[in-house]
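Scroll down for the structure; my scribbles are underneath it.
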Amino acid sequence: MPPLPQWAHARAVIREVGLRDGLQSIATVLPTDQKIEWIRAAHEAGQREIEVGSFVPARLLPQLADTAELVAYAKTLPDLFVSVLVPNLKGAERALEAQADLMLVPLSASEAHSLANLRKTPEEVVAEVARMRAARDASGAKTLIEGGIGTAFGCTLQGRVEPAQVLRCMQSLLDAGADRVSLADTVGYANPAAVRALFEAAREIAGERLWCAHFHDTRGLALANVYAALEAGLTRFDATLGGIGGCPHAPGASGNAASEDLAFMLADMDIDTGIEIERLLALRARVGQWLAGETLHGTLWRAGLPKTFRSASRSTNLYT
């Protein structure tokens, strides 16, 4: 009988980031009413954390121009924790004005990727976080600040990113006033052994402030990497419906971990996510129609749920 893992029978959270990370990576501009329908249906399916957009100039990302309207709608849904991405102080001010629950500030541990993607060095991003913290505190807002460290496992531009550099970035973000930090495999370079080692080291620094793991399925390892992060104690994971998304500096790559595949894997392991997978699959079918012509990923929608699966309490468990 194998030992009972510390996370067996635990609860995990899937933060849906398709409305931001997914839509910003495709050509289709989804109408606001369809985005609102996506948020409503995801909430009805049991998702309680959704990243609804990003406060960036509309001329750069017209796909996300309606973020303020989406935050306003999402805030009307009970128990929904609403996140947005902000690249700078101006974006943070808009997030504070909209009363988002959390603003995610991206930082690339790879200096080459940081300059190409954000036009800032990692040190400059840290300084911006300090300004955001000062603005947040001065406003009296309760919006949390999450520093999201991308290219944490490698970079298509730079190559290897040393774990020590990732951990330095993490400590710097915390020192600058970030309430939470997270790690992202932006271009799909991670493997389960590397994930477990880095997240264990990160927990030594950040403790409970280590908030989330973000894996891309570039080389088919997203769910394996989620499992490794679970072993390291993580219980919150970013994912996108239909696995949409990607990175402009990883051409040809598939997108993020698919929300429906991740929800199924966790439920089948008796880890509660609060998600009704059948409803999530129905939403995935609708989103697929809205994004006709775009490439969606994932496998559960193709194969369906196995006959042995029950989304409620399960009578069999590997560890009992």
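Each reported figure results from applying straightforward, stated rules to the coordinates on display, with no laboratory input. Every value quoted in this text rests on a predicted model; they were computed, and no experiment measured them. Note: ideal-geometry Cβ built from the backbone for every residue, glycine included; neighbour counts use all protein chains shown.
Under the rule that an exposed site lies in a DSSP loop and has at most 15 other Cβ atoms within 10 Å, name the longest stretch of the chain with no chymotrypsin sites (Phe, Trp or Tyr not before Pro) of that kind, not counting the sites themselves. Within the chain, the longest run free of exposed chymotrypsin sites (Phe, Trp or Tyr not before Pro) spans 1-308. Computed over neighbours whose Cβ is under 14 Å from that of E93, the net charge equals +2, Lys and Arg +1, Asp and Glu -1.
What helices does the chain hold that run 15 Å or longer along their axis, going by alpha-carbon atoms, with a Kyte-Doolittle average of -1.0 or more, using DSSP H for the helix calls?
Span-like helices in the chain: 122-139, 163-176, 192-206, 277-290.
In the chain, Cα pairs under 8 Å separated by at least six residues give a relative contact order of 20 percent. Note on the chain: lysine pairs with Cα distance below 26 Å, sequence gap of 8 or more or different chains, count 7. The sum of -39500 (n - 2.57) across all DSSP H runs of n ≥ 4, divided by the residue count of the chain, sets its helix-only mean residue ellipticity at 222 nm to -11500 deg cm²/dmol.
With contacts taken as Cα pairs under 8 Å and at least 6 residues apart, region 209-275 reaches a relative contact order of 31 percent.
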